[in-house]
Amino acid sequence: MRPSEATNYYFNQAADQLELPDWMRKLLVMPKREMTVQVAYERDDGRIDTVLGYRVQHDNARGPMKGGLRYHPAVDLDEVRSLAALMTWKTAVVDLPYGGAKGGIGIDPRTLSKRELERITRAFVDQIHEIVGPDSDIPAPDMGTNHEVMAWFRNQWEKYHGFNPAVITGKPVEEYGSRGREEATGRGVGTLAVKMLKRLNRKPEQTTVAIQGFGNVGSHAAKYLTEAAFPIVAVSDVSGAYFNPKGLNIPEVLSYTLKNKGSLEGYQGAQRLDADALLELDVQLLIPAALGDVINHNNVDRIRAGLIIEGANGPIDPEADTKLKERGVIILPDILANAGGVTVSYFEWAQNRQHYRWTLDRVRQELDRTLSEAFESVWQESVSRKVSLRTAAFILAIQRVKRASELAGWMV
Ligand code: GLU
């Protein structure tokens, strides 16, 4: 199943509950605009390389479209299309005044120098600058991009349109970024884990955790969960999985990766396993926080965790999702679980537009409040309709987008 088919499958499960007519489903699923552009840039050795770049704008019924930019070799139009739709449902679940979009380039940023990344980013902006803007479509970081890429993007966009830092979020704090944006997605995952355990009457101390991916999301989630007393027994990145049944020393792991260019490679305080083995460990809580489609028909029967929190976008394919549900596994879906990032992006955009800066405490407080409200609504919806948390989250999101579309007029 292609990524966009998987996203639409989840959409349709909720649309069935809401008994939406076909014409409405078609209108809600089809993206408003898909842009594919040629991105030509100069390599450090003087050669010219040419790749495709994408921006998919899915829906704007609830506000300007919002969503990250992904630099990864697997990026293609279908993946971006799927991720753009997820952004529409994500911003609606947490009730931010946004629609959804996503962009990306099919490159491996680890094989490019910093100057090459800068040139490719500026070349991409040259191609898409007319369709993005603070009132229309606001990009942000995603896999393979970071605050530096956001700073280049903003600078290049402003060459055409003038000063307006609200055109992009996830910027460096010194360059109109928000305090707390970098930690926000991982912190949100942690915050929601704590809320979910409370609801289930379970104790963090007795909930072992494995986290797949130790990038921005996984590492900040690990930090938050350790501070909340969860034993984290395994973490992984492309170099492998690192397992200690007694619990990893997360502060030590974090300082190790800081000194090791962000990588876990060579970490000695744990047993080293194959990266994929992490997903199949006998833990209570599994957090996939890396790529999409990592739990699928190949490995679903070997997944042993009873709780899964989707730090990544689209980590579980529909076939695996159905099997896990039948086995009683509780899954907190991506459109809620990793919404902390876009929530603080919204705070950053709001600060930029007011020329005012919030304290870190305020950012964290408002993030906690936003996610708590969304979590409670999704939980109630799931209980009252007897549906999974994923279907409940989609139901709430679809109802909000549908309402906005009805108020504004469907065909605007
Ligand atoms: N890329 C992140 C996501 O998938 C953040 C998007 C944003 O901040 O706009 O939610």
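Summary of values
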| item | result |
| --- | --- |
| Criterion: crowded, with 20+ Cβ neighbours inside 10 Å, more than 27 Å from LYS102 (Cα to Cα) and in contact (Cβ under 8 Å) with a residue 60 or more places away in the chain - qualifying residue of ALA337, ALA393, ALA305 | ALA305 |
| Total residues in the stretch 306-354, condition within 11 Å of the ligand (Cβ to nearest atom) and polar (S, T, N, Q) | 4 |
| Some residue of the stretch 193-210 being at pLDDT 95 or above, within 16 Å of the ligand (Cβ to nearest atom) and under 22 Å from the mean Cα position of the chain (by Cα) | no |
| Close pairs (8 angstrom Cβ cut-off, 6 or more residues apart or separate chains): over 19 Å from ARG122 (Cβ atoms) and β-branched (Val, Ile, Thr) in the stretch 26-46, surrounded by 17 or more Cβ atoms within 10 Å (Cβ to Cβ) and modelled with pLDDT of 95 or more anywhere | VAL29/ASN8; VAL29/PHE11; VAL29/ALA85 |
| Of all residues making up the stretch 213-271, the number that are closer than 23 Å to ARG181 by Cα, outside any strand (DSSP E or B) and β-branched (Val, Ile, Thr) | 5 |
| Test for VAL75: is it of a type in the set (Val, Ile, Thr) and in contact (Cβ under 8 Å) with a residue 40 or more places away in the chain | no |
| Residues satisfying the stated conditions in the stretch 92-107, i.e. within 20 Å of PRO64 (Cα to Cα) and assigned to a loop (DSSP other than H, G, I, E, B) | VAL94, ASP95, LEU96, PRO97, TYR98 |
| Residue that is over 20 Å from the mean Cα position of the chain (by Cα) and either among the acidic types (Asp, Glu) or part of a helix (DSSP H, G or I) (or both), where the choices are ARG362, ARG390, ARG357, ARG369 | ARG362 |
| Residue satisfying condition, being within 14 Å of the ligand (Cβ to nearest atom), touching a helix residue (DSSP H, G or I) at 6+ places or on another chain (Cβ under 6 Å), within 30 Å of LEU336 (Cβ to Cβ) and of a type in the set (Val, Ile, Thr), within set VAL80, VAL132, VAL94 | VAL94 |
| Selection from the stretch 349-372 of residues that are within 14 Å of TYR176 (Cβ to Cβ) and in contact (Cβ under 8 Å) with a residue 40 or more places away in the chain | TRP349, GLN351, ASN352, ARG353, ARG357, TRP358 |
| Yes/no for THR145 being of a type outside the set (Gly, Ala, Ser), at pLDDT 95 or above and not in a helix (DSSP H, G or I) | yes |
| Residues of the stretch 297-318 that turn out to be within 21 Å of the chain's Cα centre (by Cα) and either among the aliphatic types (A, V, I, L, M) or closer than 18 Å to TYR9 by Cβ (or both), as a count | 11 |
| Filter result for ILE250 (over 18 Å from ALA305 (Cβ atoms) and of a type outside the set (Ser, Thr, Tyr)) | yes |
| Residues (within 12 Å of the ligand (Cβ to nearest atom), of a type in the set (D, E, K, R) and either over 18 Å from the mean Cα position of the chain (by Cα) or in a helix (DSSP H, G or I) (or both)) located in the stretch 167-187 | ARG181, GLU182 |
| Residues being in contact with a strand residue (DSSP E or B) (Cβ under 9 Å, 6 or more places away or on another chain) and farther than 30 Å from TYR71 by Cβ - total across the stretch 283-304 | 3 |
| Filter result for GLU366 (modelled with pLDDT of 95 or more, surrounded by fewer than 24 Cβ atoms within 10 Å (Cβ to Cβ), more than 24 Å from ASN8 (Cα to Cα) and within 16 Å of the ligand (Cβ to nearest atom)) | yes |
| Single residue of the stretch 188-212 satisfying the filter (outside any helix (DSSP H, G or I) and aliphatic (A, V, I, L, M)) that is surrounded by the fewest Cβ atoms within 10 Å (Cβ to Cβ) | LEU200 |
| Candidate set: the stretch 108-142, residues that are in a loop (DSSP other than H, G, I, E, B) and not aliphatic (A, V, I, L, M); chosen: the one surrounded by the most Cβ atoms within 10 Å (Cβ to Cβ) | PRO139 |
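The values are calculated or read from the model by the stated rules, or taken from the named source; none is laboratory data. Remember, it's a predicted structure, so these values are computed and weren't measured experimentally. Reconstructed Cβ throughout: ideal geometry from the backbone, glycine too, with neighbour counts over all protein chains shown.
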